[in-house]
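See below for the structure under consideration.
The values are calculated or read from the model by the stated rules, or taken from the named source; none is laboratory data. The shown structure was predicted, so the numbers you read here are calculated from the model rather than taken from an experiment. Cβ sites come from the backbone with ideal geometry, for glycine too, and all protein chains shown count toward neighbours. The accessibility values were calculated without ligands, DNA or RNA, using every heavy atom of the protein model including side chains. Shrake-Rupley method; radii C 1.70, N 1.55, O 1.52, S 1.80 Å.
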Amino acid sequence: QVQLVESGGGLVQAGGSLRLSCEASGSISSINTISWHRQAPGKQRELVAWISSGESTAYVESVKGRFTISRDNAKNTVYLQMNSLKPEDTAVYYCRALGTFDSWGQGTQVTVSS
């Protein structure tokens, strides 16, 4: 199993930036992909970005060119750099690790004011 802890959320004005962190512990070597998801009030949780063990990345269309997912294997941490934030990016952001398991973090709130 893998445990995930997100951090880095907060309140930011539109156009600002935040960097979210997802620190993993446990069976790190068993992780195939780590992804970031978000859930806004009254909406379904959606996939935002993911990164594979081979460093392949993908993004939902609405964040392409603004968000960047990366990983630091030495720190067992995956980051989500979010630039040019918009009010519609407001949500609770979760990281997820997939391997022979499916683990989620507790989430971190991101609020973008207009």
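Structure above, values below:
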| quantity | calculated |
| --- | --- |
| Single residue of S30, S84, S113, S25 found to be open to solvent by 60 Å² or more (accessible area, probe 1.4 Å) and over 15 Å from the mean Cα position of the chain (by Cα) | S84 |
| Output for segment 1-22, where each listed residue is open to solvent by less than 50 Å² (accessible area, probe 1.4 Å) and either closer than 17 Å to K86 by Cβ or not hydroxyl-bearing (S, T, Y) (or both) | V2, L4, E6, G8, G9, G10, V12, G16, L18, L20, C22 |
| Test: residue in segment 57-72 that is under 25 Å from Q13 (Cβ atoms), open to solvent by 20 Å² or more (accessible area, probe 1.4 Å), touching a residue at least 60 places away in the same chain (Cβ under 8 Å) and of a type in the set (S, T, Y) | no |
| Hits in segment 73-114 - residues which are part of a loop (DSSP other than H, G, I, E, B) and either among the hydrophobic types (A, V, I, L, M, F, W, C) or free of Cβ contacts under 8 Å to residues at least 24 places away in the same chain (or both) | L85, F101 |
| Residues of segment 5-55 satisfying the condition of being small (G, A, S) and assigned to a loop (DSSP other than H, G, I, E, B) | G8, G9, A14, G15, G16, S17, S27, A40, G42, S53, G54 |
| Output for segment 44-56, where each listed residue is free of Cβ contacts under 8 Å to residues at least 40 places away in the same chain and open to solvent by 70 Å² or more (accessible area, probe 1.4 Å) | Q44, L47, W50, S53, E55 |
